[in-house]
Amino acid sequence: MQIGTRTIGEKSFLFMNSLKSTEVNQQNENFKVDEFNVLYNNDLTEIIQYPIGNQQQTTFIIKSNITKIRSNALINCQYLQQFEIENNNENYS
């Protein structure tokens, strides 16, 4: 993702079934990627997109700081077998 990217549409990744990772320029002030290549907003409170084609990770943990999950963020994640929600997440329990 380029430095100046400010917005990402809700359905931007909808049919990207082979998406394994996302790269965000470190100087981008709007988005971040974690160690599992999950795309978040800058303050890591919104899951924008899980890498649909990631075959390495079968469990995904929704951390306590997550307040929003985009409607299409987890669609077609065929390799995920399990979701876990951290105990202290008050938004998803």
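The values are calculated or read from the model by the stated rules, or taken from the named source; none is laboratory data. Keep in mind it's a predicted model, so treat the numbers as computed, not measured. Don't worry about glycine lacking a Cβ; one is built from the backbone with ideal geometry, like all the others, and counts go over all protein chains shown. Ligands, DNA and RNA are stripped out before the accessible areas are found, and what is left, the full protein with its side chains, is counted by its heavy atoms. Shrake-Rupley method; radii C 1.70, N 1.55, O 1.52, S 1.80 Å.
Each residue in region 50-72 was checked for being part of a loop (DSSP other than H, G, I, E, B) and either over 16 Å from S21 (Cβ atoms) or of a type outside the set (G, A, S) (or both), and 16 of them qualify. If you go through region 1-36 and pick out every residue that is part of a loop (DSSP other than H, G, I, E, B), more than 17 Å from Q56 (Cβ to Cβ) and either modelled with pLDDT of 85 or more or open to solvent by less than 50 Å² (accessible area, probe 1.4 Å) (or both), you end up with 12. Scoring F60 on the criteria (1) of a type outside the set (D, E); (2) under 21 Å from T5 (Cβ atoms); (3) open to solvent by less than 20 Å² (accessible area, probe 1.4 Å) leaves a single failure, condition (2).
The residue list I75, I47 contains one member that is outside any strand (DSSP E or B) and in contact (Cβ under 8 Å) with a residue 12 or more places away in the chain, which is I75. Among the residues of region 37-57, just one is among the β-branched types (V, I, T) and open to solvent by 10 Å² or more (accessible area, probe 1.4 Å), namely T45. For region 64-93, the tally of residues that are of a type in the set (K, R) and either over 30 Å from Q27 (Cβ atoms) or open to solvent by 70 Å² or more (accessible area, probe 1.4 Å) (or both) stands at 1.
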